[in-house]
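Heads up: the structure comes next, in structure tokens.
The values are calculated or read from the model by the stated rules, or taken from the named source; none is laboratory data. The structure presented is a predicted model; accordingly, all values stated were derived computationally and were not measured. Cβ placement follows ideal geometry from the backbone for every residue including glycine, while neighbour counts extend to all protein chains displayed. Side chains included, ligands, DNA and RNA excluded: accessible areas come from the protein's heavy atoms. Shrake-Rupley method; radii C 1.70, N 1.55, O 1.52, S 1.80 Å.
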Amino acid sequence: MKELTIISGKGGTGKTSILGAFATLAGKSVICDCDVDAANLHILLQPNIKETHDFYGEKKAEIVPELCTNCGKCEELCQFQAIQQGQINPYACEGCAVCYHVCPAGAVNIKPHLSGQWYISETKWGPMVHAKLGIAQGNSGLLVNMVRKKAREIAREQSLPLIISDGPPGIGCPVISSLAGTDMALIVTEPTVSGIHDLERIVKVAAGFGCVSAVCINKYNLDEYNCRYIEDLAERLQVPVIGRIPYDLTVTEAVLQGIPVTTLGKGDAQGPIQELWQQVGNLLGVR
């Protein structure tokens with residue numbers, strides 16, 4: 001079993017559109033959406049949800065009114081200003097449990113907090129594991145780890161040779177959880193200043209995991225000067241550029257219709273995406 005993780009550093013470079021296209025080209029794979037804070041792969045793949053599971057990512061404090069003496073000690077010592085007039089703001093509470101330990105009346109409990117859901121679904125192109133983290137909820141890295149673990153179980157059970165994961169943007173905990181143990185990181189960038197800046201950061205992060213890394217420049221023809229800069233940067237970072245996808249309104253049309261671009265007629269992007277997929281297959285050793 002091989003694992004491919006598509007990441008970007010900067011958000012909005014088009015990695016999810018490319019993954020949606022890969023799902024249609026892979027034939028046999030488990031599709032995994034690790035962008036749990038802002039999941040959107042389901043918009044393209046239209047999964048049929050088979051199972052829904054709750055995710056308890058962190059703990060929150062809870063005051064028992066019958067036991068509270070209104071001494072105010074918890075409110076005084078809370079570093080997050082999460083307690084006011086004997087009430088806990090669950091969005092501000094970090095679950096540090098200081099209030100629990102200082103309460104002289106034992107009126108504070110620390111309980112698991114429902115932070116989101118994760119799903120097992122079926123798509124036209126194979127099983128899909130994805131999730132939705134609630135607004136302002138934490139521990140997204142833990143949820144990513146849970147989603148990837150389930151994807152591996154499904155791949156083993158169904159003898160599927162490949163897991164394709166849509167990683168989140170940035171370089172934080174959910175990205176690290178998305179890269180841990182993967183075989184290849186395909187880094188999708190774009191010829192913009194922020195795209196270049198974040199490309200260098202994510203290449204260095206991926207290098208720490210010992211996986212194969214490669215770069216794809218999306219919308220490369222929008223700024224050929226920046227595109228050449230990215231190629232020079234990738235060479236200095238010793239990461240190959242294996243794909244150059246032109247700006248193509250067909251990709252936008254596919255997003256509007258909620259389908260992978262490879263299923264939408266003929267445009268300028270489909271051919272380069274298929275060539276990119278062949279390059280990825282060569283590096284991963286899968287067909």
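Looking at the chain, what % of its DSSP beta bridges pair antiparallel, to the nearest 5?
Details: 24 of 49 bridges.
Around 50 percent antiparallel, to the nearest 5.
Roughly speaking, what % of Cα-Cα pairs in the stretch 92-139 are separated by over 14 Å, rounded to a whole number?
Here the long-distance tail beyond 14 Å is 65 percent of all Cα pairs in the stretch 92-139.
Mean sequence separation of contacting Cα pairs (under 8 Å, at least six apart), scaled by the length of the stretch 58-114, corresponds to a relative contact order of 51 percent. Bridgeable lysines around Lys204 (alpha carbons under 21 Å apart, same-chain partners fewer than 8 residues away excluded): Lys10, Lys15. Grouping the Cα pair distances of the stretch 58-114 into 10 Å bins from zero gives a pair-distance distribution of 27, 62, 11 percent in increasing distance order. Relative to one another, the C-alpha centroids of the stretch 147-211 and the stretch 228-253 are positioned 17 Å apart.
Note on the chain: helix-only mean residue ellipticity at 222 nm, from DSSP H runs of 4+ residues weighted -39500 (n - 2.57) and normalised by residue number, equals -11000 deg cm²/dmol. Helix 224-236 and the longest principal axis of the C-alpha atoms of the chain enclose an angle of approximately 80°. Relative to the longest principal axis of the Cα atoms of the chain, helix 15-26 runs at roughly 60 degrees. Helix 270-284 axis versus longest C-alpha principal axis of the chain: approximately 70°, rounded to the nearest ten.
With the gyration tensor restricted to C-alpha atoms of the stretch 245-287, the semi-axes of the equivalent ellipsoid amount to 22, 11, 7 Å, longest first. With all projection directions averaged, the alpha carbon convex hull of the chain covers 17.1 nm². Ranking of Met146, Met1 by solvent-accessible surface, largest first: Met1, Met146 (1.4 Å probe, protein heavy atoms only, all chains present). Whole-percent P(r), the stretch 123-252, all Cα pairs, 5 Å bins from 0: 2, 9, 18, 18, 17, 16, 12, 6, 1, 0. Relative contact order of the chain, taken over Cα pairs closer than 8 Å and 6 or more residues apart, is 27 percent.
Normalised by the number of residues in the stretch 168-287, the average gap of Cα pairs under 8 Å and 6 or more apart makes the relative contact order 21 percent. For the stretch 51-147, applying the loop criterion from DSSP together with a ceiling of 16 other beta carbons within 10 Å to the chymotrypsin sites (Phe, Trp or Tyr not before Pro) yields Phe80, Tyr91. For Arg156, the shell of other residues with beta-carbons less than 15 Å away shows a net charge of +3, using +1 for Lys and Arg and -1 for Asp and Glu.
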